[in-house]
Amino acid sequence: MKPLGEIFLSASLQEKLGVPPVNTIRVRAGMIIVSSRLIIRPSSPALRSFKLSPQLRQGLYLKKNQVFQIRYDQVGQYLHLGPIIGIFSSTIPNHDEYHPTSLQAELICLSRIARSLPGQIYVFTPADINWNTRTVRGYQYRCIGKEKGSWGSSLYPLPDVVYDRISSRRSEGRSSVQACKRRLKSLANLHYFNPSFLNKWKVHQLLIKNPDLWDYLPETHLLNLDSLQSMLSRYHSLYLKPADGSLGRGIIRVNKNSGKLFYTIYKQGRSKGKADNARELMKKTRPVRQKKAYIVQQGLELAQDKGAPFDIRIIFQKNGAGQWQVSKKFARVAARGSMIANLSRGGKAETIRDIFAEVLKWDEQESQARNEEINHLCLLTAETLEKESSALYGELGLDIGIDQQGKLWLIEVNSKPRKTTETELSMGVVRNTFRRPLQYAIFLAGFESKKEK
């Protein structure tokens with residue numbers, strides 16, 4: 001491999017990194033590795049710096065005036081510049097309509113935060129990759145004034161780390177997206193986290209392997225006539241949920257009353273019906289369920305706020321040290337007359353403090369103990385999911401219910417939690433929910449991110 005340009009290291013940085021005294025050395029940025037001439041410059045012990053020649057910088061697709069970190073990989077025997085982080089999306093939204101919960105708002109927020117972090121962080125789609133050159137047509141949001149901006153593109157190396165933000169199950173199912181994901185994950189040295197949406201039945205099968213979670217998991221089975229009849233013999237109410245569903249769509253609540261089965265279907269709106277038995281219920285709900293896999297889950301009598309049930313939504317994320325922590329925690333109170341607390345179905349957000357103190361009447365000691373139990377449940381869930389699935393996650397959305405006796409239940413785990421750029425709670429909290437996955441990506445790449453203020 002013919003050397004491409006030069007990399008200059010101060011003597012003190014060479015010593016700190018443990019770089020051997022050689023004339024040429026391999027240099028990596030993302031998935032591109034080239035050979036370069038190594039030139040050591042004398043320096044004072046306090047001066048630890050490096051510089052790239054224009055030829056080397058261009059060959060690695062590294063932009064000028066961008067701050068990069070450097071490390072020496074003892075195993076691969078190369079200098080590693082970065083981090084290079086790719087945010088994987090099915091599309092680059094570029095239209096006037098802007099909503100704080102939209103994909104456009106999320107990607108713009110991530111791109112803006114990326115400017116304060118080291119390395120190169122960009123958004124890309126499957127169509128943007130040139131596999132032969134290992135480069136990507138990546139996008140960054142460029143602000144024009146305080147409120148407006150546009151997406152600009154440039155060539156970058158394939159990244160060290162991919163943060164998967166494919167926004168919908170439909171997009172994720174496209175053959176082009178699936179093929180791209182498989183190829184990215186096959187690359188040596190590339191880390192890929194939050195690889196897919198979660199299937200409720202598969203998640204339950206993974207979590208049930210940990211006995212420490214048994215008391216928190218509602219009884220759950222794959223829906224068929226036998227499992228429905230069995231569950232109806234034990235519980236007054238049940239939930240039928242699409243295994244691959246999101247946002248509360250397609251959920252069916254079933255209640256037994258006077259020998260009849262009364263059900264409510266949550267789809268575009270709400271529709272109600274009744275059946276005489278399990279077989280008739282299966283038949284009447286078939287148009288909604290279609291051929292999709294469903295689970296049947298034990299119904300929970302959740303605690304209520306002014307007659308409306310609520311649950312606790314937690315955004316659980318890894319930070320720049322690779323450690324799990326709660327980034328956001330709030331209560332979701334169902335809309336009037338509904339049993340579904342999703343904000344997308346009319347639910348409203350309330351603070352945990354108000355729910356614990358004013359609704360549940362817990363004193364400060366009890367509230368602290370329950371918060372600690374919730375945090376522990378989140379950690380148990382995240383660690384079990386990663387261990388049993390052998391997949392890598394940097395953030396999860398967890399829905400935790402509190403029943404009328406005060407017992408905690410893990411209702412659902414979501415690998416693609418919806419995050420809004422606006423909130424009634426704290427803008428600092430909002431910024432952290434977008435920043436932490438990027439800081440975790442920097443950690444995965446082997447570099448250090450700035451500490452949170």
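Readers should treat all values here as calculations from the given coordinates under stated rules, not as data from a laboratory. All of these numbers come straight from a predicted model, not from anything done at the bench. Virtual Cβ from ideal backbone geometry, glycine too; neighbours counted across all protein chains shown.
Below, the figures for the structure above:
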| quantity | calculated |
| --- | --- |
| Cβ-based exposure ranking for Asp164, Asp244, Asp215, in which fewest neighbours within 10 Å come first | Asp215, Asp244, Asp164 |
| Unit charges at the beta carbon, dipole of the chain: most positive-side option, Leu110, Gly269, Ser175 | Ser175 |
| Gap separating the Cα centres of the stretch 371-390 and the stretch 16-92, nearest whole Å | 36 |
| Using θ = phi - 60° and Karplus 6.51 cos²θ - 1.76 cosθ + 1.60, couplings along the stretch 118-132 (whole Hz; Gly, Pro as x) | x, x, 10, 10, 9, 9, 8, 10, x, 6, 8, 8, 10, 5, 5 |
| Length-normalised contact order for the stretch 6-82 - Cα pairs under 8 Å, 6+ apart - percent | 39 |
| Assigned charges on the beta-carbon of Lys, Arg, Asp, Glu; the stretch 44-179 dipole about Cα centre (debye) | 420 |
| At most 12 other Cβ within 10 Å, DSSP loop - trypsin sites (Lys or Arg not before Pro), the stretch 293-336 | Lys306, Arg336 |
| Sequence of Met231, Met1 once ranked by neighbouring C-beta atoms within 10 Å, starting from the fewest | Met1, Met231 |
| Mean separation of Cα contacts under 8 Å, 6 or more apart, over the residue count of the stretch 84-193: relative contact order % | 30 |
| Trypsin sites (Lys or Arg not before Pro) restricted to the stretch 178-242 and DSSP loop, no more than 12 other C-beta within 10 Å | Lys209, Arg234 |
| For Arg57, net neighbour charge (Lys/Arg +1, Asp/Glu -1) across residues whose Cβ lies under 11 Å away | +2 |
| Local electrostatic count at Ile166 - Lys and Arg +1, Asp and Glu -1, tallied over other residues with Cβ under 11 Å | +4 |
| Neighbour-count order for Trp214, Trp324, Trp131, Trp409, fewest beta carbons within 10 angstrom listed first | Trp214, Trp131, Trp409, Trp324 |
| The chain - percent relative contact order, Cα under 8 Å, separation 6 or more | 14 |
| Environment charge at Ser176 (Cβ cut-off 14 Å; Lys +1, Arg +1, Asp -1, Glu -1) | +3 |
| For the stretch 163-230 and the stretch 232-287, distance of Cα centres in Å | 24 |
| Segment Ala349-Lys209, length gained on full extension (0.36 nm per residue, minus Cα span) | 47.1 nm |
